[in-house]
Amino acid sequence: MPRRAADLLVDCLAVHSVDRIFCVPGESYLAVLDALHDSNAIETIVCRHESGAGFMAVGDAKVTGRPGIAFVSRGPGATNASIAVHVAEQDAVPLVLFIGQVPRGEIGRRSFQEVDYAKTFADMAKGVYLIHDPARIPEIVARAFVEAQSPTPGPVVVVLPEDMLEETTTAPVIEPLATPQGGSAPAAVVDEMAALIAGSERPLLIAGGAGIGTPAGRRALLAASEAHQLPVALTFKRQDYFPNTHPHYAGHLGFKMPKAAVDRYHESDLILAIGTRLGEVSTQGYTLPASPMPRQTLVHVHDDPRQIGRNYSATKALAADPVSFLGALAACPSKAPAKRRAWIKKLNEPLAKAMPWAPPADGLLDMGPIVAALTRSAEKDAIFVMDAGNFAGWLHRHFPFSGEHLMIGCVGGAMGIGMPAAVAAALRCPGRQVILFLGDGGALMTGSELATAVQYGAPVKTFISNNGSYGTIRMHQEAAYKGRVHGTELKNPDFAKWAESFGARGLTVSTIEEAAGVVAKALAHDGPVVVDIKTALEHISPFATISSLTG
């Protein structure tokens with residue numbers, strides 16, 4: 001029986017287990033909104049900006065491991081959403097972005113709000129598909145979902161001419177296609193790896209990639225570490241994968257790490273890079289290991305062969321499922337050399353000593369007392385969302401992630417993911433605490449999605465570091481051009497009153513002594529909360545002050 005293309009599209013999404021889409025409405029896909037009106041299977045979350053809708057879809061995908069779905073209109077809507085496409089590529093997150101388009105007869109005429117999306121997204125998306133024929137909707141949707149999920153997850157863009165959506169077709173829905181999975185490592189290879197580890201005095205397992213963040217992946221990582229006495233360092237924004245209080249915890253490979261910490265990693269004689277693409281941040285600028293020829297023996301395991309050998313010549317390159325590999329490695333334990341214990345202690349001890357927060361000698365407020373309070377009161381499976389910025393460094397340094405916590409951040413470093421991703425996480429996991437760390441810069445980029453949180457009942461607890469500056473850039477500015485501050489100062493609203501204007505609860509922290517009580521009030525409230533934390537700009541990061549940079 002014929003049906004409208006827009007209705008077929010919604011039916012295809014439902015067959016692919018899509019239960020929620022994020023959007024800003026637009027006239028170029030009105031037919032889809034009309035089709036969603038009658039869908040009991042799919043919830044529509046209406047956002048306040050296309051970047052917010054895209055970031056929510058990315059956040060939802062980070063929680064579920066399934067493709068996040070966003071719909072935006074043509075031209076301005078699509079370009080606003082492009083930040084989410086870039087983040088999905090950088091973070092290896094499955095995303096399918098549906099974009100309305102001008103009618104087919106106008107394509108190529110530079111008509112109102114027309115964009116050639118194949119050109120625009122060529123360097124960001126894994127694929128861009130323009131649907132001319134409504135009969136091809138099931139085929140292209142099925143292909144988009146497979147491509148978004150494997151072998152390295154990422155964004156796919158599907159373009160929908162508005163007149164095409166109104167046509168009728170008899171094409172049937174296609175069931176989801178099988179998603180290719182990485183194979184298991186041969187037993188002989190696992191034995192070889194176990195022998196290699198046994199012969200190493202100073203091995204370092206660097207773990208990353210979304211697959212290892214699954215419950216099965218975390219268990220396999222812990223088991224492999226214990227079976228082989230392997231210290232574990234997590235890649236950028238993956239700190240939650242391994243218990244931070246475990247004696248094998250070797251840290252989090254983020255930005256601007258202290259030189260002493262990086263120097264310790266360089267002493268390793270074997271690096272096992274499992275699941276990670278070995279990107280620029282986690283490798284400290286392609287120096288850990290050194291590119292293209294590592295000083296250490298390098299084993300690189302990834303399920304996408306295109307990621308192996310791109311920047312590094314590995315001693316052993318293995319295209320295999322990282323979780324399966326870790327599980328097989330755990331089942332083949334090795335005996336560690338006597339000197340291994342001292343190596344593990346050398347990596348772990350400085351982190352363990354620095355983890356408890358201590359008030360700064362000058363008594364000025366930073367994000368430390370907030371983290372200290374959350375260490376005592378956050379639930380064991382709380383979801384922590386962080387926007388881009390130095391303020392997140394206090395969470396990285398002082399919060400003991402348990403291995404059950406979930407941390408959502410932006411590997412690609414984009415500001416603005418915080419509030420949208422936190423809203424998506426709270427809607428996806430209504431029984432879990434969702435705690436957001438946000439800067440004053442990011443708060444006024446996409447913080448308006450607080451309205452979406454209130455509208456849909458997402459009880460996000462937001463802690464804003466309000467230091468009146470684009471702090472990370474100010475830090476770089478002071479390091480490069482001492483005392484020449486320009487373009488980084490901010491004039492902010494009262495964020496507590498700002499929150500109340502949305503219908504959320506607003507609280508303020510002005511001193512270290514107030515922090516614990518306000519955190520308790522925020523967590524106890526049954527709706528969204530924003531805490532305005534009057535942090536001192538002097539404390540520009542957990543590792544530096546303005547004075548130390550300019551002195």
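The values are calculated or read from the model by the stated rules, or taken from the named source; none is laboratory data. The shown structure was predicted, so the numbers you read here are calculated from the model rather than taken from an experiment. Glycine gets a Cβ as well: all are built from the backbone with ideal geometry, and neighbour counts include every protein chain shown.
Brief remarks on what is shown
- Any hit, region 16-33, residues being buried (at least 21 other Cβ atoms within 10 Å of the Cβ), over 20 Å from Ala88 (Cα atoms) and among the aliphatic types (A, V, I, L, M): yes
- Neighbours by Cβ (under 6 Å, 6+ apart or cross-chain): first from region 263-281, in contact (Cβ under 8 Å) with a residue 24 or more places away in the chain and β-branched (Val, Ile, Thr); second buried (at least 19 other Cβ atoms within 10 Å of the Cβ) and part of a helix (DSSP H, G or I): Ile274/Pro322
- On inspection, Glu478 does not qualify as surrounded by 23 or more Cβ atoms within 10 Å (Cβ to Cβ) and either of a type outside the set (Lys, Arg) or not in a loop (DSSP other than H, G, I, E, B) (or both).
- Set Ala41, Ala88, Ala57, Ala81: member being in a helix (DSSP H, G or I), touching an Asp or Glu at 6+ places or on another chain (Cβ under 8 Å) and of a type in the set (Gly, Ala, Ser): Ala81
- Unmet criterion (only one of (1) free of Cβ contacts under 8 Å to residues at least 60 places away in the same chain; (2) crowded, with 24+ Cβ neighbours inside 10 Å; (3) not hydrophobic (A, V, I, L, M, F, W, C)) for Lys497: (2)
- The set of residues from region 474-491 being under 30 Å from Ala522 (Cβ atoms) and either among the hydroxyl-bearing types (Ser, Thr, Tyr) or touching a helix residue (DSSP H, G or I) at 6+ places or on another chain (Cβ under 9 Å) (or both) comprises Arg474, Met475, Thr488, Glu489, Leu490.
- Matching entry among Ala142, Ala194 (being buried (at least 17 other Cβ atoms within 10 Å of the Cβ), in contact (Cβ under 8 Å) with a residue 24 or more places away in the chain, outside the structural domain of Ala330 (by TED's automatic domain parsing) and of a type in the set (Gly, Ala, Ser)): Ala142
- One residue alone among Phe495, Phe502 is modelled with pLDDT of 95 or more, farther than 19 Å from Ile408 by Cα and touching a strand residue (DSSP E or B) at 6+ places or on another chain (Cβ under 7 Å), and that residue is Phe495.
- For first residues located in region 156-177 and under 16 Å from Phe145 (Cβ atoms), partners that are crowded, with 16+ Cβ neighbours inside 10 Å and of a type in the set (Asp, Glu) and lie 6+ apart or on another chain with Cβ distances below 6 Å form the pairs Val156/Glu147; Val173/Asp11.
- Among the numbered conditions (1) surrounded by 24 or more Cβ atoms within 10 Å (Cβ to Cβ); (2) over 21 Å from Ile344 (Cα atoms); (3) without any contact (Cβ under 8 Å) to a residue 60 or more places away in the chain, the only one that Pro292 does not meet is (1).
- Any chance Ala443 is in contact with an Asp or Glu (Cβ under 9 Å, 6 or more places away or on another chain) and farther than 16 Å from Asn492 by Cβ: no
- Taking first residues from region 225-237 that are at positive phi and free of Cβ contacts under 8 Å to residues at least 40 places away in the same chain and partners that are part of a strand (DSSP E or B) and among the hydrophobic types (A, V, I, L, M, F, W, C), no Cβ contact under 8 Å between residues at least 6 apart in sequence or on separate chains turns up.
- Residue count for region 92-141, restricted to those that are under 30 Å from Gly409 (Cα atoms), outside any strand (DSSP E or B) and hydroxyl-bearing (Ser, Thr, Tyr): 2.
- Region 338-368, residues that are in a helix (DSSP H, G or I) and of a type outside the set (Gly, Ala, Ser): Arg340, Arg341, Trp343, Ile344, Lys345, Lys346, Leu347, Asn348, Glu349, Pro350, Leu351, Lys353
- Hits in region 254-281 - residues which are farther than 18 Å from Ser313 by Cβ, buried (at least 23 other Cβ atoms within 10 Å of the Cβ) and within 19 Å of the chain's Cα centre (by Cα): Gly275
- Of all residues in region 519-551, those satisfying the criterion of being part of a helix (DSSP H, G or I), closer than 20 Å to Thr375 by Cα and touching a residue at least 40 places away in the same chain (Cβ under 8 Å) are Val519, Ala520, Ala522, Leu523.
- Within region 369-410, considering residues that are part of a loop (DSSP other than H, G, I, E, B) and among the aliphatic types (A, V, I, L, M), the one farthest from the chain's Cα centre (by Cα): Ala378
- Test: Glu201 is outside any strand (DSSP E or B), assigned by TED's automatic domain parsing to the domain that holds Lys335 and acidic (Asp, Glu): yes
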